[in-house]
1. If only one of 198, 194 is surrounded by fewer than 18 Cβ atoms within 10 Å (Cβ to Cβ), under 16 Å from the mean Cα position of the chain (by Cα) and not in a helix (DSSP H, G or I), which one is it?
2. Is region 152-164 home to any residue that is under 12 Å from the mean Cα position of the chain (by Cα) and either farther than 25 Å from residue 219 by Cα or part of a loop (DSSP other than H, G, I, E, B) (or both)?
3. Going by the structure shown, is residue 56 part of a helix (DSSP H, G or I), surrounded by fewer than 18 Cβ atoms within 10 Å (Cβ to Cβ) and either of a type outside the set (Phe, Trp, Tyr) or touching a residue at least 40 places away in the same chain (Cβ under 8 Å) (or both)?
4. So which residues in region 136-186 are farther than 20 Å from residue 49 by Cβ, of a type outside the set (Gly, Ala, Ser) and at pLDDT 95 or above, if there are any at all?
5. Pull up region 99-135, narrow it to residues that are part of a helix (DSSP H, G or I) and among the hydroxyl-bearing types (Ser, Thr, Tyr), then point me to the one that is farthest from residue 55 (Cα to Cα).
6. Among the residues that make up region 6-19, is at least one of them within 23 Å of residue 240 (Cα to Cα), in contact with a Gly (Cβ under 8 Å, 6 or more places away or on another chain) and not acidic (Asp, Glu)?
7. Is it fair to say residue 45 is surrounded by 20 or more Cβ atoms within 10 Å (Cβ to Cβ), of a type in the set (Val, Ile, Thr) and either within 28 Å of residue 173 (Cβ to Cβ) or without any contact (Cβ under 8 Å) to a residue 60 or more places away in the chain (or both)?
Amino acid sequence: MSLTEFVKQEEVRNRISDEYPNQGDRASEPLKAEWQSENYTLVGTAFDYLLRFWLEKEVTEAHTEPWVARNGIQKAQMMDADVDRLEDILETAKVRHEEYLDTGELTDSLIKSSLDLARLDWIYRSGKLPQNLGEYNGDDVEDLRRLTEIVAESDDISGEEAYLNPNFGDASQIVGGADADVILDGTLIDIKTTKKPTFGADYWRQLVGYLLLTDIQRTYYQAERKGGLPEIEEFGVYFARHGELSTVSADVIYENENYEEFRQWFNETATEYSNREYPTGII
């Protein structure tokens, strides 16, 4: 199970909707980048990497996590895969990533590596091997270039401190694993490359789950005096094709009079679903 799967359960969907009705606003900016192909998942994941690369270059302080693509290679070792080739692809992506951080030049080579990373990422998340590693659709490359240009043109994604692809440590285990896209100056951001400007109910439930896990993990780390994730002040969706960030105050969740009871229910229900014990003392 993952957080995405957990919040799709009927019991969980209904409880979140009852306690915290969706308050997300749709994007108001016009569409600035049409899809150039039907490789929706591939381009979406590749852009996640590119946006994090861009932030890593732009912000004063970036906290990075190992790429999920690395986990894909580890999973591929248990399959009939050419792991040496996968390792070479990953190493090439690392070189191009470092070059980008040094020069700030968004090359076609870096964009192609982001597509490779997305395919390695898919191995981890799906448990299947891609059939098209090393193949690139020129339309996808151009699409990703435009999406990255839109980020640079917008003032919505800017700040001083970024947590890139943060996970929730021990708290993640109650849902079988979870990682967010970005936490930027206290704003937790989910990146969406959809052309639809709607802040969907599924986006909302996922983000509510992230806020719960962030709070739980911070509580654990504070108890252990280890530091941890920052306090979340806002949360929302970055509509990449509109260049717009739509946010909601985290007080909507954390300051709700039933929040403590809701957090306890979330913990107990997730533990029941995942059949895992939650670390002692987190809540």
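The values are calculated or read from the model by the stated rules, or taken from the named source; none is laboratory data. Predicted model, so just to flag it, every value in this text is computed and none were measured. Note that each Cβ is placed from the backbone with ideal geometry, even for glycine, and that neighbours are counted across all protein chains shown.
1. Only one candidate qualifies: 194.
2. Taking region 152-164 first, the residues under 12 Å from the mean Cα position of the chain (by Cα) are 163-164.
Now narrow it down to the ones that are either farther than 25 Å from residue 219 by Cα or part of a loop (DSSP other than H, G, I, E, B) (or both): none.
No: region 152-164 contains no residue that is under 12 Å from the mean Cα position of the chain (by Cα) and either farther than 25 Å from residue 219 by Cα or part of a loop (DSSP other than H, G, I, E, B) (or both).
3. On the way: part of a helix (DSSP H, G or I): yes; surrounded by fewer than 18 Cβ atoms within 10 Å (Cβ to Cβ): yes; either of a type outside the set (Phe, Trp, Tyr) or touching a residue at least 40 places away in the same chain (Cβ under 8 Å) (or both): yes.
Yes.
4. Result: 160, 185.
5. Our first condition is that a residue be part of a helix (DSSP H, G or I); within region 99-135, this holds for 99-103, 108-126.
Next, only the ones that are among the hydroxyl-bearing types (Ser, Thr, Tyr) stay: 100, 103, 109, 113-114, 124, 126.
On the way: 100: 12, 103: 14, 109: 19, 113: 17, 114: 15, 124: 24, 126: 27 Å.
Among residues in region 99-135 that are part of a helix (DSSP H, G or I) and among the hydroxyl-bearing types (Ser, Thr, Tyr), the one farthest from residue 55 (Cα to Cα) is 126.
6. no
7. It is true that residue 45 is surrounded by 20 or more Cβ atoms within 10 Å (Cβ to Cβ), of a type in the set (Val, Ile, Thr) and either within 28 Å of residue 173 (Cβ to Cβ) or without any contact (Cβ under 8 Å) to a residue 60 or more places away in the chain (or both).
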